[in-house]
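> Dropping the structure in here first, questions after.
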Amino acid sequence: MQNFAIVTFGCQMNQHDSDRIGEVLRAAGLSEVPDPEAADFVLLNTCSVREKAEQKLRSEVGRLGVLKRERPGLIIGVAGCVAQQEGEKLLKKMPQIDLMIGPDNIPELPAMLRECEAGGPPRVRAEFDVDAPSFLAHDLQHAPTSGPATTAFVTVMKGCNERCSFCIVPYTRGPERYRPAREILDEIAGLTRVGVREVTLLGQTVNSYTDPEAAFGPSARHATGDWRHTERQRAESDESEFPALLSAIAERAPNLARLRYTSPHPRHLTRSLIRAHAELNVLCRHVHMPVQSGSDRMLRRMIRRYTVAEYLERVTALTEAVAGLTLSTDIIVGFPGESRSDFEQTLDLVERAKFMSVFGFKYSPRPFTPALKLADDVSEEEKSSRLAELFFVSNAIRHRHLNSLCGNEITVLVEGRNKGGQWGGRSERNEIVHFSSDFELTGRLVKVRIQSANKNSLLAELAEAIDDAPRALPAVAAKPQRHLPLSPV
Ligand code: SAM
């Protein structure tokens, strides 16, 4: 076997897993091909948070099965949450699959492939590493060869201890396991050395992080603060050391231009975390804070463990502490029992919190989840119509926000060229910006002047480059590079 292709459906966590899987396979001597039809081994890495991704997986396995009839040597693998959730059951239903591998078993993949090639039976490896959790770091030696990345995901924890009634994650990713801060800091330092400018810390409830090696000491804990509405939580106290981790990263990775994190839980949006946002320049002025619903009745049924007032109090404190900070969120429509009035409360919250982006989902019943006991009583048509209404409201808010930026100068971290040849990047506040320039700008922080707003992004013209990104490896460019002179800073 010589080459492989990975097809990823799902969230950032799945994408991060796919990137690490690619490195493990390259380290084993395989090369990656972009077209799955041309690969000896195709791995489908999927999430199972919503039923749609699972359906997509089934149709993709069916399609590859046809190819396998022509090329019996083709090996089909399934990775990710679905492998963890379905395991042997899916193997029985879909005999085209040769191997299934859970997120904690990725290093075993080359050995499994060798067994497959030698004619071994289909196998499933999907065990949680609860006793000795390990975290796959970027393997820079075996990263794809398309030049240094500007942005990177770094895992700080895996699993989830929340028991949101709709969510399959605790069952597919297991209980919370935290990565030692020492490893996180080393990985980020290594990434900045090869030119990564922006790191996004990853975890299912990323802001519940505590260091398993207790490097931050007792003073970093018990930072719950004095929220007005949270009698229950004051009693619980917040053990998170996430703000301490952010400070340590800011201190130990001075070359890092930007730091983001996803997904936090509103319960751990503490005063200490807000203080970190106000004090650490490296932290971007954008937070994705999943709220799920604007109705207290729904939040109780979802077992989210906060009220709308608590959520609003916390995000308002955050936006007051950090001028101009933008918010985005996740919302589920059509959760069991959601009335028109519950849904209208969600629309009201979207307006009040002025979310710049809303990731909206129609409720989809998932195996093992507590919500399965509730009747899925909002019709499919009603779910679709509520989702469309939610997007209509949130698109209007985003459009107003983007339009308000016309004429302003903002700083963009350039990630690369888009299909049309323009440069694309994001502002600190997560606005997507496109602009034209003949200069090689990948990984550079540049100042642009906003000219107009599209539905989801901004069009701009280049004003100036404001730093010289230290790039250890040469950026890959189609034509000879002209470097933009630096402005004096
Ligand atoms: N851990 C994060 C949290 O819940 O705060 C997000 C994890 S999940 C991978 C991403 C989003 O998928 C959730 O925030 C939720 O809006 C959506 N989601 C999860 N389960 C769902 C379900 N059964 N039906 C529809 N949407 C769902």
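The values are calculated or read from the model by the stated rules, or taken from the named source; none is laboratory data. From a predicted model like this one, the values you see are computed outputs, not experimental measurements. Here the Cβ is made from the backbone with ideal geometry for all residues, glycine too, and neighbour counts use every protein chain on show. Surface areas here come from the heavy atoms of the whole protein model, side chains and all, with no ligands, DNA or RNA. Shrake-Rupley method; radii C 1.70, N 1.55, O 1.52, S 1.80 Å.
> Count the DSSP beta bridges whose two residues both fall in the chain, then state the antiparallel fraction as a percent rounded to the nearest 5.
Bridges in the chain that DSSP calls antiparallel: roughly 35 percent.
> K92 to N456: extension gain in nm, 0.36 nm per residue of separation minus the Cα-Cα distance?
Value of the extension gain: 126.7 nm.
> Let me check against my output: what whole-number percent is the relative contact order of the chain, with C-alpha pairs under 8 Å and at least 6 apart?
This gives 10 percent for the chain.
> Relative contact order, percent, of the range 341-479 when contacts are C-alpha pairs under 8 Å separated by at least 6 residues?
Contact order relative to length: 19 percent.
> All other residues with a Cβ under 12 Å from the Cβ of N403 taken together, and with Lys, Arg as +1 and Asp, Glu as -1, what is their net charge?
+2
> Under the rule a/c < 1.5 gives rounded, and otherwise a/b versus b/c splits prolate from oblate, where does the chain land using the Cα gyration tensor?
Because its axes are fairly even, with a/c under 1.5, the chain counts as rounded.
> Further question on the same structure: If you roll a 1.4 angstrom probe over the protein chains with everything in place, what fraction of the accessible area of the chain belongs to carbon and sulfur, to the nearest %?
52
> Please state the shape class of the range 244-362: rounded when a/c is under 1.5, otherwise prolate if a/b exceeds b/c and oblate if not, all from the C-alpha gyration tensor.
prolate
> Starting from the Cα of K89, draw a straight line to each of the lysines and keep only those under 28 Å, dropping any in the same chain fewer than 8 residues away.
Within reach: K52, K56, K68, K158, K362, K373.
> What list of ³J(HN,Hα) couplings, whole Hz, do you get for the range 107-121 from phi and the Karplus terms 6.51, -1.76, 1.60, once you set θ to phi - 60° and write x for glycine and proline?
My calculation for the range 107-121 gives x, 7, 4, x, 5, 5, 5, 4, 4, 4, 4, 7, x, x, x Hz in order.
> Which FRET efficiency value, to the nearest 0.05, is calculated for A111 and E70 with the Förster distance at 35 angstrom and r the Cβ-Cβ distance?
0.80
> Restricting to DSSP H runs of at least four residues, report the calculated mean residue ellipticity at 222 nm for the chain, -39500 (n - 2.57) per run over all residues, nearest 500 deg cm²/dmol.
Value at 222 nm, helices only, nearest 500: -10000 deg cm²/dmol.
> With r defined as the distance between the Cβ atoms of A38 and E127 and R0 fixed at 25 Å, what FRET efficiency is calculated, to the nearest 0.05?
Efficiency, from the Cβ-Cβ distance: 0.20.
> While we're looking at this one, here's another question. When DSSP beta bridges are limited to those with both residues in the range 334-479, what percentage is antiparallel, rounded to the nearest 5?
80
> Every cysteine in the chain with no other Cys Cβ under 4.7 Å from its Cβ, please list them in numeric order.
C11, C47, C81, C116, C160, C284, C406
> What whole number of Å gives the distance from the Cα centroid of the range 396-439 to the Cα centroid of the range 1-48?
First find each Cα centre; the distance between them is then 30 Å.
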